[in-house]
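One structure is given here, and the rest of the page talks about it.
The values are calculated or read from the model by the stated rules, or taken from the named source; none is laboratory data. A quick note: this is a predicted structure, and the numbers were derived from the prediction, not measured. Quick reminder, even Gly has a Cβ in these numbers, built from the backbone with ideal geometry, and neighbours come from all protein chains shown. Surface areas here come from the heavy atoms of the whole protein model, side chains and all, with no ligands, DNA or RNA. Shrake-Rupley method; radii C 1.70, N 1.55, O 1.52, S 1.80 Å.
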Amino acid sequence: MRPSSEETLASKAKEETIAEKMMLNNKEEKLTDEKEKLTDEKEKLTDEKEKLTNKEEKLNTDILILARCLREKKFHSADLGDALDHFSTCTPSAADVANVLEELKGSRRSVQGQLEKVQGRLEAVQKHLTFLSATAEAPPQV
């Protein structure tokens with residue numbers, strides 16, 4: 001006894017529904033994996049941004065100290081404070097201080113450039129995460 005055309009259609013519809021559900025589950029798994037990867041990347045970028053920000057703050061402090069020392073022409077270890085770690089001697093010359101000051105300014109520009117790149121990448125990751133969340137919340141197209 002052959003199945004009726006209604007039974008055949010019902011069977012095909014059931015197979016198609018199962019295939020669509022499997023496809024949706026696969027898409028959902030891929031979205032979840034991608035969200036996890038992006039979340040990990042966001043955490044790493046946030047950590048990197050914090051480290052760079054701390055480095056920039058230290059450079060800014062050292063630059064201010066060295067600029068003050070140059071203005072006041074005081075180059076002893078007590079005057080240099082935390083900026084002393086940039087020198088091999090406790091009483092560097094004015095030229096040494098000026099050279100280190102310029103190096104620190106260059107380092108600060110470099111750190112600021114790195115910070116801009118990290119911030120840009122963080123924003124891109126956040127936008128992508130927002131997009132994926134919206135995609136995951138959208139009703140499935142069955």
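Taking 8 Å as the Cα distance limit and 6 or more residues as the minimum spacing, I'd like the relative contact order of the chain as a percentage. All intermediate terms of the calculation are to be shown ahead of the outcome.
On the way: 70 pairs, mean separation 47.9, N = 142.
Computed value for the chain: 34 percent relative contact order.
May I ask you to list the lysines whose Cα is less than 20 Å away from that of residue 21, ignoring any residue fewer than eight positions away on the same chain?
Leaving aside lysines fewer than 8 places away in the same chain, those within reach of residue 21 are 12, 30.
About its Cα centre, how strong a charge dipole does region 67-121 have in debye, to the nearest 20, once Lys and Arg get +1 and Asp and Glu get -1 at the Cβ?
Values: 9 positive and 8 negative charges, 59 e Å.
So the dipole magnitude of region 67-121 works out to roughly 280 debye.
Compute the accessible area per residue over the chain, keeping the other protein chains in place, probe 1.4 Å, unit Å². Write down the numbers at each step before the final one.
Values: 10570 Å² over 142 residues.
Per-residue value: 74 Å².
Sequence neighbours fewer than 8 away in the same chain don't count; with that in mind, list the lysines whose C-alpha is under 17 Å from residue 55.
Counting by Cα, and skipping residues close in sequence, residue 55 has these lysines nearby: 44, 105, 117.
Might you report the magnitude of the Cβ-based charge dipole of the chain about its Cα centre, with Lys and Arg at +1 and Asp and Glu at -1, to the nearest 20 debye?
On the way: 24 positive and 29 negative charges, 87 e Å.
Computed about the Cα centre, the dipole is about 420 debye.
Given the options 94, 67, 13, state which has the largest fluctuation in a GNM of the chain using a 10 Å cut-off (strictly under) for Cα springs.
13
Students often get this wrong, so try it: which of (1) 43, 30, 28; (2) 45, 35, 22; (3) 106, 20, 18 is Cα extents along the principal axes in Å as calculated from the structure shown?
(3)
Which Cα, out of 67, 90, 114, lies furthest along the positive dipole direction of region 25-142 (beta carbon charges, K/R +1, D/E -1)?
Value: 67.
Between helix 5-72 and the chain, what is the angle of the helix's C-alpha long axis to the longest principal axis, kept within 0 to 90° and rounded to the nearest 10?
Computed tilt is about 0 degrees.
Considering only protein heavy atoms and a 1.4 Å probe, what is the carbon-and-sulfur percentage of the accessible area of the chain?
On the way: 5590 of 10570 Å².
Answer for the chain: carbon and sulfur cover 53 percent of the accessible area.
Could you please put 48, 28, 6, 56 in sequence from largest to smallest accessible area, using a 1.4 Å probe? Display every interim value, and only then the final one.
Values: 48 85, 28 115, 6 140, 56 35 Å².
Order by accessible area, largest first: 6, 28, 48, 56.
With angles folded into 0 to 90 degrees, how steeply does helix 94-137 sit against the dominant principal axis of the chain? Use alpha carbons for both and round to 10.
Roughly 10 degrees, rounded to the nearest 10.
Determine the dipole magnitude for region 24-94: charges of +1 sit on the beta-carbon of Lys and Arg, -1 on that of Asp and Glu, nothing else is charged, the reference point is the Cα centre, and the result goes in debye to the nearest 20.
Details: 14 positive and 18 negative charges, 100 e Å.
In total the dipole reaches around 480 debye.
In a Gaussian network model over the chain where Cα atoms closer than 10 Å are linked, find which of 122, 132, 24 has the largest mean-square fluctuation.
24
Out of the trypsin sites (Lys or Arg not before Pro) in region 1-89, which ones are loop residues according to DSSP with at most 15 other C-beta atoms within 10 Å?
Details: sites: 12, 14, 21, 27, 30, 35, 37, 42, 44, 49, 51, 55, 58, 68, 71, 73, 74; in loops: 73, 74.
Qualifying residues, ordered by number: 73, 74.
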